[in-house]
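Working notes, beginning with the structure itself.
Please treat every number below as a calculation from the coordinates, not as lab data. All values reported here derive from a predicted model rather than from experimental measurement. Note that we place each Cβ from the backbone using ideal geometry, even for glycine, and neighbour counts take in every protein chain shown.
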Amino acid sequence: MDSDGVWAEAPHATSLPFRRKKVFLLQETVAPIDDLLAPWTGQHGALIPILQQVQERYGYLPGSAVEQIARFLKLSPSEVYGVLTFYAQFRLTPPGETTVKVCQGTACHVRGAKRILEEVESVLNVKAGGTTEDRKYSLERIACFGACSLAPVMVIGSSVYGRLTTQKARKMLKQ
Amino acid sequence: MAGLAISGDRPGHMGPANTMAAAQPPTFGVLKAKSLALWEQLRASQKPRIILGMGTCGIAAGANHVEAAVRESLAKYGVDADIEAVGCIGTCYAEPLMDVVMPGQPRVSYGSVTPEMADKIVRDHVVGGQPLADLAMAVVGGDTVHGIPRFQDLAVMRSQRRVALRHCGLIDPTSIHQYIANDGYSALHRVLTQLTPEQVIGEVKRSGLRGRGGAGFPTGLKWEFCHKEPGPTKYMICNADEGDPGAFMDRSVLEGDPHTVLEGLAIAAYAIGASQGYIYCRAEYPLAILRLKKAIARAEEYGLLGDHIFGTDFSFHIKIKEGAGAFVCGEETAMIASIEGKRGMPRSRPPFPAQSGLWGKPTTINNVETLASVPAILVNGPEWYAAMGTEKSKGAKTFALTGKIKQPGLIEVPLGITLREVVYDIGGGIVGDKRFKAAQSGGPSGGCIPASALDLPIDFENLTRIGAIMGSGGLVVMDEDTCMVDVARFFLSFVQAESCGKCTPCRLGTKQMLDTLVRITEGKGEPEDIDSLLELGEAVKAGSLCALGGTAPNPVLSTIRYFRAEYEAHVVDKRCPAGVCRPLLHFEIDPEKCTGCMVCLRNCPSEAISGGKRVVHTIDPAKCSKCGTCYELCKFDAVIKS
C-alpha cells in the first residue's frame, strides 16, 4: 500500500513482459457475492468460473470475495490465491475506467508493435501493466488477439483498431 | 456448395414451437426440407441483399462504419434491402468486405470498402443495378459477371481447398438453417442412425486426418484409444484455447461456422462413448464464445444436441469453459486441470487422458479445426479427404498467413503445397517487394523455414525435419528487415513468461536463454553465448514434461541453425544487420539531404534533434533513444540508420 493509503499497484516487472505481479489491496469494502456462489453449490470445477464472475462484477477480485469463495468451496484462501495468480486474466486491483490493450503477438511484433506500445505509454503517461493516476486508463500488453492480418492491433475498451502506425495510435487515443 | 448467404433465423421463424404443438423437435428429414426451402426462398429473394464480413477482423478494419454508411445510403435513396452479417471469408487483407446480391443476379464482392465507397456501391449497384467492375474484387458462387473475376479464380483462392473453412464467410453463422441447408448435421444424422462407433472411427482413420492443433496425432487412433477404455463415463473436449500468437484459424471457424464444431464434437463423442462435452475457449475471443453459446442453444432447441438425439440412445450435452489466460492450458493435461478448477499445470503421462483424463475418466481432446473437418469427411467420404495431401499428411490445413506479406489472411491449402506458392501466389509476395527471409511456423513452439526451403512441400514430416513444426498453422512471413535474433528473443520472452514453472529446466532454462538473448540484442553478447544457447536449448527440451518446455527452445535453435551469421554479427561485430536491435543502432542526419523541415525535430520524443526552420538538423547521440521516429517520418530519406 502506498503512502496515501489507497492502492498498492504492483510494480511493472520488466522480466515478465506478459504477466503482472499480483498483491491484494489492503483496504477495501466488503463485496457481497452470495448470489453468485449459490448456483454453483455441489458443482465441481467451479472455482475458475466463479472467479470470472466475481471479476466481471467488480472489475477485480476483492480480498474479501476470495475469502468467501474459499469458504464456499472448502479450500484454503491460499489455494484460491494459487489458482488466481496462475491465470493472467485475474487482477487484484481495480482497473482504470477504460482498458487499453496493445497486442504484442508475433505478427504485430514484426510489424512494429513495440513502437506502438511505447507511443501509447507516452500518450497515456503510464507503463504497460499500470493504471493512470486519475484511474481513467489501464494499459495492458497482451500476447495475441487473433486479428493478426490487421497487425499491429490495439483494443480500447471493446473496440479493436488495426493497421496501426504510431500516428494513428496517437489519434485513436486522443479521440 | 451454393455459397449464398441468407439472413439469420428470425425470432419465431420456423421455431419448433411454431411448427409442432408438442415439445418434440421435428425429425431431421422435416428440419432439412424446411432449411432447404428457406435457403431457396432467400436465394430467390426479390429484395437486394447486402452481405458484410463481420468477424473480429472485419469489425477492426471498420465494418461497423461501412454498415452505418450502407444504412444511411439506403435511406437516402429510399431502397429496401436486407443487410446480413457473415464471418470471415479469409481475404483479411481486403477487409472490410461488402457483397451485393441483386435479385436474380450473382453475388459481387467488394474489398477494402470505405464508407464513401459503400455509398457509391449502393447508388450504382443496388439502386442503378450496375455492378462496379473497377471496384469489385470478385464474383462469389459459380456465376460470372463480365469484367469481374470469379472468386475461385483469384490467385489467392486458386490453390486453396476448403474443408474446415468451407462455410466461413458464405453462410450466416447465427442461422442453423443455413448450416443445415449446406449439409450441416447430415453427418451426425448418418453417424447416429447408420454407423456404429467402430465404423465412425474406421472412416476417420481411413481419411488420414491428423490433429490440427499442432502435434498431428492421427485422430481416428486417438478416438479408438478412448473408445476401447471401459466405463460408462467419458468426456469429449474441444480445444479452442488458441494461444499461439499469430494463429487465428480457430477463432475464424468458431465465429464463422460454430455449428460445424458442435457437430464434429458430437460425432467424436459418439465414437468414444461420451455424453458430456466441453469447449475450452480462450476468453480473448468474446465473439466466438457468444456465437458458440447461441449455436448450442439453437442446436438443443432442434434436438441436435441434448437427450436422445434423433430419437436414438445417444445423448450429448456441451458446456463452454472460458480460459483465463494461460498459454500452457493448450496442453492436454493442463487443460484438464484447468477445467477441474486448478492451476493449469501439465502432468506426466502415462496415464494418458484417454485412460485417465477429466475427473479421472477417459477423455479425448481435439482441436477446433480437426473437429470442423470431421463432418465434411463423413459427408464426402474418407477417400475424398485422403485424395488431398501427401502420403503421410492427408487433407487440407489452414494457415494464418501474416507478417510482412501483401495479402495476409486465412487460407486452407492441401498439404504438400510449397511455401513459395503460399507466399507468392496466395500471399501476393512480400510487402514492398523486399527479399523473403524466413517464415516462422508453429508459433512459440515452432521454428523458421528459411528461403532455401521455399520449394519444400509443406507437411508434418518435412517441417519437423527442417526444425520447424506444423503447429497450429500460424505462418508469419519475415523479410530482410526482420532480425532473427530479435524474433528468437521475442518468442523466448513469451514462453518464459508462460512457463508454468513445474519443470526446472523449463522454468530456469528459458530464463537463462532469454537473459542471454537480451544481452546479445543489447550488444553485450560473447561469442560463446551462441553455443551455450544451443546446449541449454537441448537441455530444456530433454528435461521438460510437456510440449511447452519440449518445444520452447525451437525458435532459438532453428534461427541459430539457419541464421548463425546474424547471431555472430551481433556478438562479434556488435551490429544488427536488419537494423532492429536498438542498442546496436545509430541514427544521424545527412546534411546534404536535410531540408530543415522540422518534422523530425518536432516529433522526436527525446528532444534529441536540434536545428531550426530551413536549418540543417542534427541528432544528439547522447539524448537519442533510437526509437526510429525520425527515420520513419523523414520524407527526404535524410535520416541514416546504421
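So here's what we get for this one:
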| read-out | value |
| --- | --- |
| Theoretical ellipticity at 222 nm over chain B - DSSP helices of four or more residues, -39500 (n - 2.57) apiece, nearest 500 | -11000 deg cm²/dmol |
| Net lengthening on full extension, residue B:352/residue B:134 (0.36 nm per residue, minus Cα-Cα) | 72.7 nm |
| Residues whose placed amide H lies under 5 Å from that of residue A:98, excluding near-sequence neighbours | A:137, A:138 |
| Within straight-line cross-link reach of residue B:342, lysines at Cα separation under 23 Å, skipping those fewer than 8 residues along the same chain | A:21, A:22, A:74, B:234, B:319, B:321, B:361, B:502 |
| Net lengthening on full extension, residue B:380/residue B:575 (0.36 nm per residue, minus Cα-Cα) | 64.6 nm |
| Neighbour-count order for B:478, B:345, B:598, fewest beta carbons within 10 angstrom listed first | B:598, B:345, B:478 |
| Neighbour-count order for B:167, B:227, fewest beta carbons within 10 angstrom listed first | B:227, B:167 |
| Sites residue B:632 and residue B:526 - FRET efficiency at Förster radius 41 Å, r taken between beta-carbons, to 0.05 | 0.80 |
| Set of the range B:395-438 residues, backbone N closer than 18 Å to the point 7 Å along the Cα-Cβ line of residue B:452 | B:419-420, B:436-438 |
| Spin-label pair residue B:464/residue B:205, simplified geometry with 7 Å Cα→Cβ offset, distance in nm | 2.0 nm |
| For residue B:397, residues with placed amide H under 5 Å, excluding near neighbours | B:413, B:415 |
| From phi via Karplus (6.51, -1.76, 1.60), per-residue ³J(HN,Hα) for the range A:106-114 in Hz, x at Gly/Pro | 4, 4, 5, 4, 6, 9, x, 5, 5 |
| Amide H contacts under 5 Å for residue B:150, placed H, 5+ residues apart | B:139 |
| Using a Förster distance of 30 Å, the FRET efficiency for residue B:313-residue B:36 (Cβ separation, nearest 0.05) | 0.60 |
| Extension gain from residue A:175 to residue A:35, taking 0.36 nm per residue of separation minus the Cα-Cα distance | 46.6 nm |
| Those aspartates and glutamates that a straight Cα-Cα span of less than 16 Å connects to residue B:541, excepting residues fewer than 8 apart in one chain | B:331, B:498, B:531 |
| Whole-Hz couplings from phi, Karplus 6.51/-1.76/1.60, listed for the range B:374-379; x for Gly and Pro | 4, x, 5, 5, 6, 7 |
| Label point distance in nm, residue A:79-residue B:640, each placed 7 Å from Cα along Cα→Cβ | 6.7 nm |
| Table column - 3J(HN,Hα) (Hz), the range B:219-232, Karplus curve with 6.51, -1.76, 1.60, x for Gly and Pro | 5, x, 5, 4, 5, 4, 3, 6, 4, 6, 5, x, x, x |
| Rough spin-label spacing in nm, given labels placed 7 Å along Cα→Cβ, for residue B:590 and residue B:406 | 2.7 nm |
| Qualifying lysines (Cα of each under 24 Å from Cα of residue B:641; at least 8 residues distant if same chain) | A:114, A:168, B:404, B:434, B:437, B:524, B:574, B:593, B:613, B:623, B:626 |
| Footprinting exposure proxy for B:617, B:308, B:317 (fewest neighbouring C-beta atoms within 10 Å first) | B:308, B:317, B:617 |
